[in-house]
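Q: Here it is, the structure in full.
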Amino acid sequence: MPSISNLGSELDLILRRGSTFGPVTLTLTNPDTTPVNLTGLNFSASIKRSRSDSSILLPFNLSVISAPAGTLSMSLSRLSVDSLTPVNKITDTAQYVWDFIITYTNGSIVCPMYGTVKVVQGVTR
């Protein structure tokens, strides 16, 4: 059965403590594959402990590279990544959730990406 969705794409992240994440370049495109013009849009991306958690655990650093080309960068500093503590002492891992939200000038809000965040303990410190 056909469906219509505003779910976005699932993109799971794996972060290693002791390392920076990114910067990762994101290129946002319309359904016809043309770039989304990012001029005037607001962005946010964050990590939470769970989908139902109301508090942001960690925000991503986002910056527009080229508004007309639809490109922006997303990153986390090493100190930010290190603040995510592995809770499973046997495997030295933890799992969180994240999403990326765009707010358009007309007030529309979309979530083009979301997923889980697995945090692993680095070996060399």
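The values are calculated or read from the model by the stated rules, or taken from the named source; none is laboratory data. Predicted model, so just to flag it, every value in this text is computed and none were measured. Glycine gets a Cβ as well: all are built from the backbone with ideal geometry, and neighbour counts include every protein chain shown.
Q: Just checking, how many residues over segment 1-44 are without any contact (Cβ under 8 Å) to a residue 60 or more places away in the chain, surrounded by 12 or more Cβ atoms within 10 Å (Cβ to Cβ) and among the small types (Gly, Ala, Ser)?
A: Within segment 1-44, residues that are without any contact (Cβ under 8 Å) to a residue 60 or more places away in the chain, surrounded by 12 or more Cβ atoms within 10 Å (Cβ to Cβ) and among the small types (Gly, Ala, Ser) number 2.
A quick yes/no check of all residues on (1) within 18 Å of Ser9 (Cα to Cα); (2) exposed (fewer than 14 other Cβ atoms within 10 Å of the Cβ); (3) modelled with pLDDT under 90:
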residue	(1), (2), (3)
Thr91	no, yes, yes
Gln95	no, no, yes
Ile101	yes, no, no
Tyr104	no, yes, no
Ile109	yes, yes, no
Gln121	no, no, yes
Arg125	no, yes, yes
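Q: Still on this structure, please answer the following. Can you pull out every residue in segment 93-110 that is assigned to a strand (DSSP E or B) and over 10 Å from the mean Cα position of the chain (by Cα)?
A: Of all residues in segment 93-110, those assigned to a strand (DSSP E or B) come to 93-103, 109-110.
Within segment 93-110, Thr93, Ala94, Gln95, Tyr96, Ile102, Thr103, Ile109, Val110 meet the criteria.
Q: Further question: State yes or no: is Thr85 surrounded by 12 or more Cβ atoms within 10 Å (Cβ to Cβ), within 14 Å of Val119 (Cβ to Cβ) and hydroxyl-bearing (Ser, Thr, Tyr)?
A: Against the criterion (surrounded by 12 or more Cβ atoms within 10 Å (Cβ to Cβ), within 14 Å of Val119 (Cβ to Cβ) and hydroxyl-bearing (Ser, Thr, Tyr)), Thr85 does not qualify.
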